[in-house]
Amino acid sequence: MASELTFRNLESTDEVRAAYPLEVAGYSEEEAASLESMLYRFSNAPHLFFGAFDLDQGIVGFITSTQSVSPLVTHDSMSTHDPKGSTACIHSVCVHPEWQRKGVATKLLELYPQTVRRYNSTIGESEERARITRLAMMARKDLVSFYQRAGYINCGQSTVVHGTEEWYDCICDI
């Protein structure tokens, strides 16, 4: 079913607002980003807010990140964006419940590095922005094997405590 979708960067705050219910459905209350956090990420790193869109339903999945100088996701990277950072810290991979287990998240993860490479190609040598060389995320234990199949390396249990789940650092160098 993922082949019926369009994959592209989000283009407006209205699309971010439409993505917010997916965030709330995908994470516990303690783990889900606030709408304000999502809008911050979009306003500061729109090049890292990537979605799957159905012609009838609108947005049905998304990935969002911010850049960090840290090689792994940190508490600080969850709420800030540093354009000089070479790591894109993935904060959310969310898919509408009706679209789960239909290849949407797999396709988002497959296309996301291409989106980052396109962004990298726009950066000149003298710019104050860094090229992104790594994708990093914290994955719940039950999803680590899924992310490994998508090309991520499990670096072990994260030192970051976020909600009640046990999280694992996963990276993908690009």
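The values are calculated or read from the model by the stated rules, or taken from the named source; none is laboratory data. All of these numbers come straight from a predicted model, not from anything done at the bench. Quick reminder, even Gly has a Cβ in these numbers, built from the backbone with ideal geometry, and neighbours come from all protein chains shown. In case anyone asks, the SASA skips ligands and DNA or RNA and just uses the protein heavy atoms, side chains included. Shrake-Rupley method; radii C 1.70, N 1.55, O 1.52, S 1.80 Å.
Listing for the model above:
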{"quantity": "Qualifying residue in the stretch 157-173 (condition: part of a strand (DSSP E or B), without any contact (Cβ under 8 Å) to a residue 60 or more places away in the chain, in contact with a Leu (Cβ under 7 Å, 6 or more places away or on another chain) and not aliphatic (A, V, I, L, M))", "calculated": "yes"}
{"quantity": "Selection count where residues are open to solvent by 40 Å² or more (accessible area, probe 1.4 Å), at pLDDT 95 or above and assigned to a loop (DSSP other than H, G, I, E, B), scope the stretch 1-11", "calculated": "1"}
{"quantity": "Output for the stretch 145-162, where each listed residue is farther than 22 Å from GLN67 by Cα and open to solvent by less than 50 Å² (accessible area, probe 1.4 Å)", "calculated": "PHE146"}
{"quantity": "Residue count, the stretch 20-43 (criterion: out of contact with any Leu (no Cβ under 7 Å at 6 or more places or on another chain) and open to solvent by less than 60 Å² (accessible area, probe 1.4 Å))", "calculated": "14"}
{"quantity": "Failed item, numbered, when LEU109 is tested on (1) closer than 22 Å to CYS170 by Cβ; (2) at pLDDT below 95; (3) aliphatic (A, V, I, L, M)", "calculated": "(2)"}
